[in-house]
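Notes for the one structure printed next.
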Amino acid sequence: MRDMFPNITDSISLNFINSRIVRKGRLIELVNNVKDLEAWTESPIDGNTHYNTQLSTFNSCLDNNIDINDLLEFRSELYSVLLDLLDKKISISDFKLFIEINTLNNPFSIIFIQNTPIFVPVKSGLAGIKTLMFLDLSRLVENGDINKVSKCANDSCPLIFINKNGRRKWCSMKICGNRYKVERYENKNRENE
């Protein structure tokens with residue numbers, strides 16, 4: 001189950017947003033219940049203590065009272081706002097205001113792991129998950145990675161990622177890049193026949 005989640009970034013908010021994929025031309029929802037979310041939290045990234053701590057925090061926010069439809073609606077809202085930012089329909093200032101407004105009533109505390117501060121939601125459930133996602137998005141703003149967020153070049157793929165070097169086109173070679181290359185190769189061979 002855990003292998004089905006793409007986890008193509010080291011950002012928990014982007015990986016949360018990327019919990020839908022396209023297979024054989026169909027959009028597949030990977031989160032249908034709390035158990036699916038628990039399975040996602042069991043997908044750590046080797047050697048990334050910060051990300052794995054966030055996954056653990058996410059897991060601690062989960063409870064059986066979470067309305068999965070409310071959670072998916074929240075994920076859709078985040079995705080839509082990020083696409084608006086990518087399409088320049090909103091500015092980075094608007095994006096920061098969106099985060100500020102949505103964190104006003106969602107307190108958090110700080111714990112230290114070694115000398116690194118980790119922001120932890122005070123509330124659990126959907127409120128805690130929202131806080132965690134907004135804190136991660138604010139980290140993307142702070143370190144400038146929000147300006148490197150890109151959408152996959154495959155128009156049917158909903159995945160977004162951090163394009164660190166500016167040359168990346170695909171969410172991942174495994175998911176979309178190889179498909180494109182195989183398709184291009186087959187089309188080229190058909191033309192040569």
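The values are calculated or read from the model by the stated rules, or taken from the named source; none is laboratory data. Because the structure is a prediction, the values reported are computed rather than measured. Cβ placement follows ideal geometry from the backbone for every residue including glycine, while neighbour counts extend to all protein chains displayed. When the accessible area is computed, the model is the full protein with side chains, heavy atoms only, and any ligands, DNA or RNA have been set aside. Shrake-Rupley method; radii C 1.70, N 1.55, O 1.52, S 1.80 Å.
Quick one: pull the percent of accessible area on the chain belonging to carbon and sulfur, 1.4 Å probe, ligands and nucleic acids left out.
Numbers: 5190 of 11010 Å².
C and S atoms contribute 47 percent here.
Using modelled amide H (1.01 Å from N, peptide plane; none on Pro or chain starts), what sits under 5 Å from the amide H of Cys157, excluding residues fewer than 5 places away?
none
Apply the Karplus parameterisation 6.51 cos²θ - 1.76 cosθ + 1.60, with θ equal to phi minus 60°, to every residue of the range 122-138 and state each ³J(HN,Hα) to the nearest whole Hz, in sequence, with x for glycine and proline.
7, 8, 10, x, 4, 4, x, 5, 4, 4, 4, 5, 5, 5, 5, 4, 5
Roughly what would the spin-label model give for Ile111 and Glu29, points 7 Å off Cα along C-beta, in nm?
It works out to 3.2 nm between the two label points.
Order the peptides 81-89, 17-25 from the highest to the lowest mean number of other Cβ atoms within 10 Å of their residues. Spell out each step's value before the answer.
Numbers: 81-89: 14.4, 17-25: 16.4.
Ranking, from highest mean packing down: 17-25, 81-89.
Mind checking the per residue accessible area of the range 38-193 for me, 1.4 Å probe, whole number of Å²? Don't skip to the end; give the middle numbers.
Values: 9230 Å² over 156 residues.
For the range 38-193, the per-residue accessible area is 59 Å².
Probe radius 1.4 Å, ligands and nucleic acids left out: which of Met133, Met173, Met4 has the largest accessible area, and how do the rest follow? Write down the numbers at each step before the final one.
Numbers: Met133 0, Met173 80, Met4 55 Å².
The ordering from most to least exposed comes out as Met173, Met4, Met133.
May I ask you to evaluate 6.51 cos²θ - 1.76 cosθ + 1.60, the Karplus curve with θ = phi - 60°, for each residue of the range 43-54 and list the ³J(HN,Hα) values in order in whole Hz, giving x for glycine and proline?
For the range 43-54, the Karplus-derived couplings read 10, x, 9, 3, x, 10, 4, 4, 4, 5, 5, 5 Hz, x marking Gly and Pro.
Can you bin every Cα-Cα distance in the range 89-193 into 5 Å intervals starting at zero and give me the percent of pairs per bin, rounded to whole numbers?
Using 5 Å bins, I get a P(r) of 2, 10, 14, 15, 14, 14, 10, 8, 4, 3, 3, 2, 1, 0 for the range 89-193.
Which whole-Hz ³J(HN,Hα) couplings does the range 20-35 yield from phi under the Karplus relation 6.51 cos²θ - 1.76 cosθ + 1.60, θ = phi - 60°, glycine and proline marked x?
9, 9, 10, 10, 6, x, 10, 6, 10, 7, 8, 10, 10, 6, 4, 4
Test of the criteria: in the range 1-90, which GluC sites (Glu not before Pro) are in a DSSP loop and have at most 16 other Cβ atoms within 10 angstrom of their Cβ?
Working: sites: Glu29, Glu38, Glu42, Glu73, Glu77; in loops: Glu42.
Answer by residue number: Glu42.
When you count, for each residue, the other Cβ atoms within 10 Å and take the mean per peptide, how do 56-66, 5-15 rank with the highest first? Before the final figure, lay out the partial values.
Working: 56-66: 15.5, 5-15: 21.7.
Result, highest mean first: 5-15, 56-66.
Using 1/(1 + (r/R0)^6) with R0 = 45 angstrom and r between the beta carbons of Asp84 and Asn192, what's the FRET efficiency to the nearest 0.05? Please report the intermediate quantities before stating the final value.
Details: r = 43 Å, r/R0 = 0.95.
Taking R0 as 45 Å, the efficiency between Asp84 and Asn192 is 0.55.
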